[in-house]
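The values are calculated or read from the model by the stated rules, or taken from the named source; none is laboratory data. Please read all numbers here as calculations on a predicted model, not as lab measurements. Here the Cβ positions follow ideal geometry from the backbone for every residue, glycine too, while neighbour counts run over all protein chains shown.
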Amino acid sequence: MLKDSLLYLAQNPRMKEFVTHNRVARGAARRFVAGEALEDAIAATQTLNQRGMQVALDLLGENVTDAQEAYTATQEYIQALDLIKKTNVNANVSIKLTALGLDIAKDLCNENLCTILDHARELDIFICVDMEGSLYTERTVDTVMHMHERYDMVGTVMQSYLYRSYKDTEQLIAHDIRIRLVKGAYKEPESVAYQEKYDVDKNYLQLMEMLLARGHFPAIASHDEHIINTACKYVRDHGISKSAFEFQMLYGIRRDMQEQLVKQGYNVRVYVPYGSQWYPYLMRRMAERPANLMFFMSNILR
């Protein structure tokens, strides 16, 4: 019930207006969002690199409805790639197809995506195409499959709460495409997604073992200690090198676990979001984990 309410509030304009214009709320949000400017994200990346962690930069914003907005987002992704190269930080970039115009026209989105991938290939930087709501899953998988024929440095995300993810994961593994495995953070109907945590976790573990055994440098993206411990045991038991995969966690969440995994010799990449459109992202993080909500609310109520 709480999760559903928070996901509803993620789309509520009145709540967005309050949170984004409240000084204390904005300050608390900085725990989970590096800042509104690219330079803020690069500064956070440099700090994380010094602590032995790699980064995935995520420019927040999605579902643009104007071709100029899609062009602007494309150029902002290009700027991120250039600044990564200029500052020599250890980072790659996550992008959203709806930020590139997928809701407007497929050809427009593909043109913008190719612009980014051409530049990323020149700079030797990996691009991960984020997975959004289930209405976009088919198109995202198809787009990444098509792009991977020309660009070997593009991958995507699988969400364990979707029924279709087993089949999609098998298909992507067969084409040697890098996958970041997550549970999923959007509100989805029972017709397409598991509704119970037990089922989502069970599917996650199944997909995780597939990726660790046969995937191309997969990313195990989770803050769930049971899942992380299971992954560590699986690679030990099956003789899988720690260099063959990475753990991924979100900026500001379970920093203790991030540091512990680095000390144990695992690859850890932190997903660092930035940009002015941070409100929906923040609400999804609140919905995922009660501890995040408690931290946010305790700061606002002080």
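Quick notes on this one:
- Residue check, residue 125 of a type outside the set (S, T, N, Q), surrounded by 15 or more Cβ atoms within 10 Å (Cβ to Cβ), without any contact (Cβ under 8 Å) to a residue 40 or more places away in the chain and over 24 Å from residue 67 (Cα atoms): no
- Candidate set: region 155-165, residues that are in contact with a Gly (Cβ under 7 Å, 6 or more places away or on another chain) and assigned to a strand (DSSP E or B); chosen: the one nearest to residue 116 (Cα to Cα): 159
- Pairs, first of a type in the set (S, T, N, Q) in region 261-274, second assigned to a loop (DSSP other than H, G, I, E, B), C-beta under 8 Å, six or more apart: 267/245
- Answer residue from region 247-260, given it is in contact (Cβ under 8 Å) with a residue 40 or more places away in the chain and buried (at least 19 other Cβ atoms within 10 Å of the Cβ) and is farthest from the chain's Cα centre (by Cα) among those: 258
- The condition of being among the charged types (D, E, K, R), part of a helix (DSSP H, G or I) and surrounded by fewer than 19 Cβ atoms within 10 Å (Cβ to Cβ) holds for only one of 142, 168, 152, 176, that being 142.
- Verdict on residue 107 being modelled with pLDDT of 95 or more, in a loop (DSSP other than H, G, I, E, B) and surrounded by fewer than 23 Cβ atoms within 10 Å (Cβ to Cβ): no
- Residue that is modelled with pLDDT of 60 or more and surrounded by 15 or more Cβ atoms within 10 Å (Cβ to Cβ), where the choices are 19, 33: 33
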